[in-house]
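Colleague: Below is one structure. I have some questions about it.
Please treat every number below as a calculation from the coordinates, not as lab data. Keep in mind that this is a model prediction, so the values were computed, not measured. Every residue, glycine as well, gets a Cβ built from its backbone with ideal geometry; the counts of neighbours run over all protein chains shown.
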Amino acid sequence: MIGLLFGSFGLLLLLGVPIAVSIGLASYLVLSQGHLPPVLIAQRMFAGADSFPLVAVPFFILAGDLLAKGKVSEKLVEFGDAVLGFLRGGLWLVSVAASMFFAAISGSGAATTAAVGTPLVPELKKKEYDEATSAALIAAAGTIGVVIPPSVPMVLYCVIADQSVARLFLNGFIPGVLMGLSLIGLALVKAYRDNYPRGAAFSLTNIWRTFKGAFWGLLTPAFILGGIFSGYFTPSEAAVIAVDYSLFVAVFVYRDLKWKDIYHIIVNSAVTMSVVMFIIATSSILSWVLANWQIPTLIARSILALSQNKYVIIFFIDLIILIAGVFMETASALIILTPVFLPLVNQLGVNLLHFGLLVVVGLAIGMITPPVAINLYVASTVTGLSLEKISQAVAPFLLGLIAVFFLLTYLPLFIPALIL
């Protein structure tokens with residue numbers, strides 16, 4: 001059954017069949033071997049999508065799109081430039097810092113890449129920064145968009161693994177900051193090695209001016225995440241409040257979006273969400289097939305046969321997560337891999353919140369690894385550079401993020417108290 005399930009799924013992907021359809025067809029082939037009624041497919045699809053925590057997903061997507069299309073990202077970049085621009089290679093540092101902050105608003109890697117890249121790229125070109133490196137850095141920093149909460153993949157993981165969204169959100173800050181610091185360190189090394197120019201002199205007056213302009217954007221994560229962690233509202237309620245706040249800022253504060261723009265943003269967000277929900281629905285069939293035929297148990301036994309060492313097994317799982325991120329979109333890979341590995345990591349005694357961080361961070365890195373590298377595609381669109389040039393320039397940043405990934409893997413295993 002394992003060969004039929006994953007073999008047919010891989011073949012369908014190679015033939016170019018959409019992931020959601022591939023998942024559903026592969027699961028149906030296995031179901032047909034057990035002569036189970038076809039109505040089971042519809043039942044499982046409905047049950048998979050009928051989850052209250054999933055309400056947060058479309059609203060976080062919409063809130064991120066509303067803020068990405070407006071002036072919030074532009075104001076954040078201006079503020080970042082006032083604070084960090086005086087350093088050598090300061091605009092590169094601004095791109096990472098702005099991405100980290102926008103990650104606390106959008107919950108999406110692609111949205112973060114687009115929101116930060118659009119206002120920064122013209123400035124980077126004007127000041128003669130290396131275009132390929134700039135595009136690669138912005139794309140790499142965009143991976144933080146799904147790690148620092150709110151995060152759509154984290155919500156999906158918690159629904160599948162039956163974990164607390166608020167607790168996983170709380171644990172997402174340290175990995176996101178570490179990823180950002182690693183990129184800042186690599187950018188500084190290149191900037192000093194290649195003798196990049198410094199920006200305008202440090203000025204408290206300029207910082208105060210840009211802070212006032214960015215205030216409403218800076219308030220967004222404090223407002224949303226503060227409400228979640230203080231217990232005033234749940235993550236699902238916070239997602240709806242995030243949309244209301246984003247509309248208020250875009251329409252009444254910055255006044256940069258017209259009602260017709262908002263209509264198009266809502267339509268685009270709905271299309272994005274429909275794809276995610278279709279994958280979730282068909283993956284519910286897959287989860288049922290996995291459980292019914294005890295496939296995760298068989299996979300666990302196979303991996304345990306290779307080694308009994310907990311740290312070696314986790315290393316194998318990490319490699320599979322990284323490889324999956326190369327070939328699959330983040331949400332799809334997460335929905336498929338989570339039910340497969342949950343029984344094994346449970347058996348190993350790994351904290352499920354820790355494993356959730358590993359899945360999200362590992363698959364986020366896949367956003368900058370071709371062929372399925374959504375952040376690189378966005379960066380290519382924003383900068384006009386070819387995907388090949390950006391892919392070559394992204395290598396050092398990719399290695400830096402992978403180093404952080406393995407640090408996040410093993411440090412909490414030796415110091416469990418790091419997981420809150």
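Colleague: Note down the relative contact order for the chain as a percent, whole number, built from C-alpha pairs under 8 angstrom at least six residues apart. Write down the numbers at each step before the final one.
Modeller: Details: 642 pairs, mean separation 106.4, N = 420.
It rounds to 25 percent for the chain.
Colleague: Please give me, ordered by residue number, the GluC sites (Glu not before Pro) of segment 96-162 that lie in loop per DSSP and have at most 15 other Cβ atoms within 10 Å. Don't skip to the answer; put the middle values down first.
Modeller: Numbers: sites: E123, E128, E131; in loops: E128.
The qualifying sites are E128.
Colleague: Per-residue ellipticity at 222 nm for the chain, helices alone: DSSP H runs ≥ 4 residues times -39500 (n - 2.57), over residue total, nearest 500 deg cm²/dmol?
Modeller: On the way: 21 runs with 325 residues, N = 420.
Mean residue ellipticity, 222 nm, calculated: -25500 deg cm²/dmol.
Colleague: So what J values fall out for segment 397-406 if you push phi through Karplus, 6.51 cos²θ - 1.76 cosθ + 1.60 with θ = phi - 60°, rounded to Hz, Gly and Pro as x?
Modeller: My calculation for segment 397-406 gives 5, 4, 5, x, 5, 5, 4, 5, 4, 6 Hz in order.
Colleague: Compute the length gained on full extension between L387 and R255: take 0.36 nm times their separation in residues and subtract their Cα-Cα distance, giving the result in nm to one decimal.
Modeller: Numbers: separation 132, 0.36 × 132 = 47.52 nm, distance 3.47 nm.
Fully extending the segment from L387 to R255 adds 44.1 nm.
Colleague: Can you compute the FRET efficiency between F86 and L181 using 1/(1 + (r/R0)^6), with r the Cβ-Cβ distance and R0 = 25 Å? Round to the nearest 0.05. Don't skip to the end; give the middle numbers.
Modeller: On the way: r = 19 Å, r/R0 = 0.76.
FRET efficiency, F86 to L181: 0.85.
Colleague: How high is the relative contact order of segment 296-420, given as a whole-number percent (alpha carbon pairs under 8 Å, six or more residues apart)? Write down the numbers at each step before the final one.
Modeller: On the way: 108 pairs, mean separation 33.2, N = 125.
This gives 27 percent for segment 296-420.
Colleague: Which whole-angstrom value gives the distance between the alpha carbon centres of segment 364-419 and segment 230-275?
Modeller: 28 Å
Colleague: As I understand it, the value is the acute angle between the Cα axis of helix 310-327 and the longest principal axis of the Cα atoms of the chain; what does it come to in degrees, rounded to 10?
Modeller: 70 degrees
Colleague: Follow-up. Any idea what the relative contact order of segment 1-130 is, in percent, if you count C-alpha pairs under 8 Å spaced at least 6 apart? Spell out each step's value before the answer.
Modeller: Details: 84 pairs, mean separation 25.8, N = 130.
It rounds to 20 percent for segment 1-130.
Colleague: Could you work out how far helix 352-365 tilts from the main Cα principal axis of the chain, as a 0 to 90 degree angle to the nearest 10?
Modeller: Once rounded, the angle reads 60 degrees.
Colleague: Compute the angle between helix 72-84 and the longest alpha-carbon principal axis of the chain, please, reported from 0 to 90 degrees and rounded to the nearest 10.
Modeller: Helix 72-84 sits roughly 60 degrees off the main axis of the chain.
Colleague: Net charge around F248, counting only other residues with Cβ within less than 13 Å of its Cβ (Lys, Arg = +1; Asp, Glu = -1)? Mind dumping the intermediate values first?
Modeller: On the way: positive: R255; negative: D244, D256.
So the surrounding residues net to -1.
Colleague: Further, regarding this structure: When the chain is fully extended, how far beyond the present Cα-Cα distance does K127 get from L304, taking 0.36 nm per residue of separation?
Modeller: Values: separation 177, 0.36 × 177 = 63.72 nm, distance 5.43 nm.
Between K127 and L304, full extension yields an extra 58.3 nm.
Colleague: In nm, give the distance between the simple-model label positions of L219 and S203, each being 7 Å from the Cα along the Cα-to-Cβ direction.
Modeller: About 2.6 nm, to one decimal.
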